[in-house]
Structures are given as structure tokens and as C-alpha cells.
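The values are calculated or read from the model by the stated rules, or taken from the named source; none is laboratory data. On a predicted model such as this, the values are computed, not experimentally measured, just so you know. Using ideal geometry, Cβ is built from the backbone for each residue, glycine included, and neighbour counts are taken over all protein chains shown. These accessible areas exclude ligands, DNA and RNA; they are computed on the full protein's heavy atoms, side chains included. Shrake-Rupley method; radii C 1.70, N 1.55, O 1.52, S 1.80 Å.
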Amino acid sequence: MNNIDSLSLSLSILVAVRILGILIFIDLFIQKRDTKYLILILGWMTGAIGTSLGLYTHTIFGEMEHTINSMLGALGTFLVFCGALLYFDTIKPKFAYIGSVVIILYGLLPLVNINTGPSPGLIIQILSAFFLTFVVLFRRKLFLKLARSSYFWLASLAILTDGLTIAFALGVITPDRLALGFAGTTLINVIGIIFFLHLEYSISVHQIQQANQERLEEWERFITIFDNFPELLYICDPETYEVLFANKKFEETLGFNPIGKLCYKAFQNFDSPCPFCTNEILSNNSEPYIWEHHNKVVDRHYLISDQMIRWSDGRKARFEMAVDITDRKNAENRLNEHVKELESLNSLLVGRENRMIKLKREVNALSEELGREGPYDLTFTND
């Protein structure tokens, strides 16, 4: 295979790799709608356009167009770097826009016959190598904290970029060896894509772990509140009847820790689920179910509120709060007894009064038969 064929092949593979980068970050943008993905898409797209232009001019005219190709390559590399920095919120998106304008203006100066010295591609290549080396050597903790795998690919990217930059600077990659240079660029792009994918994976895992930790801490705060609640609280699995949580008040009432035991055995001393269990009611109702119950084990009356909740591991659980209403219930019972006594006494007194009225009527009737006026005034009975 001659040099021209090798260069065409190297450019074609580089275009394909950059198109792959475009597709990957388009997919990420669709999922997350973040500005950094747009900048990365522009970076990979600009690089792909520049390489495609170089491939076209090389294939048609036998010589690569360097001015526009160098400017587009520099712009693509710069935007990809800006996208990487946006992952860590170290720059604002406007920095990418301002830098892009500067690169475009600098890269187009040769078209108006203004000699600018080093090409924008070479300048960005050197700056990229310096920046990557600095990050790998002096900011490694930032990446190691997130993921060692991401740092590994970043270090690989830095080493290859340094090598390619040194090769350009020393003139090792001369015009007749451009295929080798673009092959190295392709490898750097592949490792760059792997680095970004590792970074995405690491960030996603980190976010999941952080969310789980926050959820666990929030749950622990709730449990602390429940544990110190002045009324009886407990949570159990409606499928297995296992007690998942019981607060201190409940433990003190029972005299032991019921967690891990079967609720019907621990709370009611039954050998099978309670006949008055509310699990079936709760399964068809999202609202709290409120009822009263007398617990024979502790001989106390409770006003109970039951509701289905999500336990910390995601399964459904029955949450029950029981308020001791024994004193109120005893007061109600005493009141009912007093009412019954009063009703009995009232019946007795009313019966006695009725008998007295009857006797007075008989006395009045006998008095009238004897021609005398009745001694008792019973007009009040006419009503």
C-alpha cells in the first residue's frame, strides 16, 4: 500500500471515529438535555468536517488543504476540551463560544494574506498536551475521587497526545508520513471517546450512590423521629408479617424488642394472622384506615391508624400508629354505668310515683262516694 492510500485510509478511519463521537453525544444530549453535550457534538462535528475536507482535497487534488483543515481541527479539539471541563463546572459555556470565535478568526487570517506563524491546529495541539499533562500530574485526585478507570483513560490520552505533539514539533511526522500522524490522532480520538464514556458511567454511578446515601440518611432521620414518638409505632411486611421496625414506646409497652418477629405472635400472642388484620383493607385503599382495638396481651385500648408505605428497600409495608385511649375508654365505661344506674333509679322513682298517684285517685274516688271532697289535687296528671 502506497503513501496516498495509507493517508486516505487514515483520514477515512478518523472521520468514522469522529462521526461515532457525534452519535454518542447526540444520544446523551437527547437523554439529559445538557449544554455540554451540544458543545461536544459541535466539537466532534467540526473535527469530522475538517478531516472530511482534508480527505476530499487529498483524493481530488492530490494535496490536502491545510488552512481550513487546521482551523477546523483546532476548533474541534478546543470544543471537546471545553465539553470535558463542563463536566466539572470549571468553566462557563460562554468561554467555549468566545474561544471558538478567536480560533476561527485566527485560522482565517492566512486567507487574507496575513502571516500568523504557527497554525491553529499546532497551537491547540501543544496547549492540549500541556493541559492534559498538567491535569494528570497535579489534579489527579479530582479524577481518582470520581473513578480510577476514568483517570486511567485520561492518563493514556495525555501520554499519546504528548507523544503526537512531540512528533509534530520534531518534524518526525513530515508530509510523506501524514498517514502515521492521522493514525495517532485517530487513536487519541478513540481513547477520548472511551474516556468520556467512562466519565459518564462514573458520574452516573456516583449520582446513584449519592442519591441512595441521601435517601438512606433521610430515612434514618425519619426513623429517629419515629423512634422517639410518644405513641406506639411499628412497621411490618404485609406478606410475611415480619416486624421491620418498632419504636421505643412499643418496646417499653411489650417489654421486649419485636423486630424480626411475627407481628401477630409478638403483639397478640396468636399462632396465625389476626382475624381482624387490616392488610386486605389496606391493599385496596391508599387512605389511612382508622379503627379501635383492645389488646388483651397488655390489656389496653388503642385508637389505630394503618396505612401502606414504601420501606427503605422499596417493598410495601404496613405502617401502624396506635394511640392509647384506655383512660378515655374507662371513663366512657364508667359514664355508661352511671347512666344505666340513673336510668334504673329513674324507672324506680317513676314507678313509685305512678303507684302513689293511683292510690290518691282511689282515695279521692272513695271520698266522693261518701259525699266528701277528694283530699288530693291531681289536676297536674291531666297533662
Where a ≥ b ≥ c are root eigenvalues of the Cα gyration tensor, a/c under 1.5 meaning rounded, otherwise prolate if a/b exceeds b/c and oblate otherwise, segment 203-255 counts as oblate
When the charge dipole of the chain is computed with +1 on Lys and Arg Cβ and -1 on Asp and Glu Cβ about the Cα centre, the Cα farthest towards its positive end, among Ile49, Thr240, Asn269, belongs to Ile49
Per the helix-only model, the chain has a calculated mean residue ellipticity at 222 nm (DSSP H runs of ≥4, -39500 (n - 2.57) each, divided over all residues, rounded to the nearest 500) of -23000 deg cm²/dmol
Segment 107-127 and segment 77-93 have their Cα centres apart by a whole-number Å value of 22 Å
Counting only protein heavy atoms and rolling a 1.4 Å probe, one gets per residue an accessible area for segment 227-314 in Å² of 57 Å²
Taking Cα atoms only, helix 178-227 is inclined relative to the longest principal axis of the chain by an angle, in degrees rounded to 10, of 10 degrees
The rounded separation in angstrom of the Cα centers of segment 280-351 and segment 179-228 is 51 Å
For segment 227-383, the Debye formula with one identical point scatterer on each Cα and no solvent gives log10 I(q)/I(0) at q = 0.12, 0.14, 0.15 Å⁻¹ as -0.63, -0.78, -0.86
Ordering Asp162, Asp299 by the accessible surface of their heavy atoms, 1.4 Å probe, largest first, yields Asp299, Asp162
Between Phe380 and Thr326, Cβ-based FRET efficiency (R0 35 Å, step 0.05) works out to 0.15
Mean 1/r over distinct Cα pairs of segment 55-105, inverted to a Kirkwood Rh in Å, yields 12.3 Å
Expressed as a whole-number percentage, the relative contact order of segment 229-383 with C-alpha contacts under 8 angstrom and at least six residues apart is 16 percent
Relative contact order in percent for the chain (Cα pairs under 8 Å, 6+ apart) equals 10 percent
Options (1) 21.6; (2) 20.4; (3) 39.3 are given for mean projected area of the Cα convex hull in nm², and the computed one is (3)
Tilt, helix 35-61 to longest principal axis of the chain (alpha-carbon atoms), in degrees rounded to tens, equals 30 degrees
Share of accessible surface on carbon and sulfur in segment 62-124, whole %, 1.4 Å probe and ligands ignored, is 69 percent
Of every Cα-Cα pair in segment 320-372, the percentage lying beyond 19 Å is 60 percent
Sorting Gly99, Leu20, Ser312 by the position of each Cα along the dipole of the chain (Lys, Arg +1; Asp, Glu -1; all at Cβ), the one nearest the positive end of that ordering is Gly99
Net charge (Lys, Arg +1; Asp, Glu -1) of residues whose beta-carbon lies under 12 Å from that of Lys248, Lys248 excluded, is -3
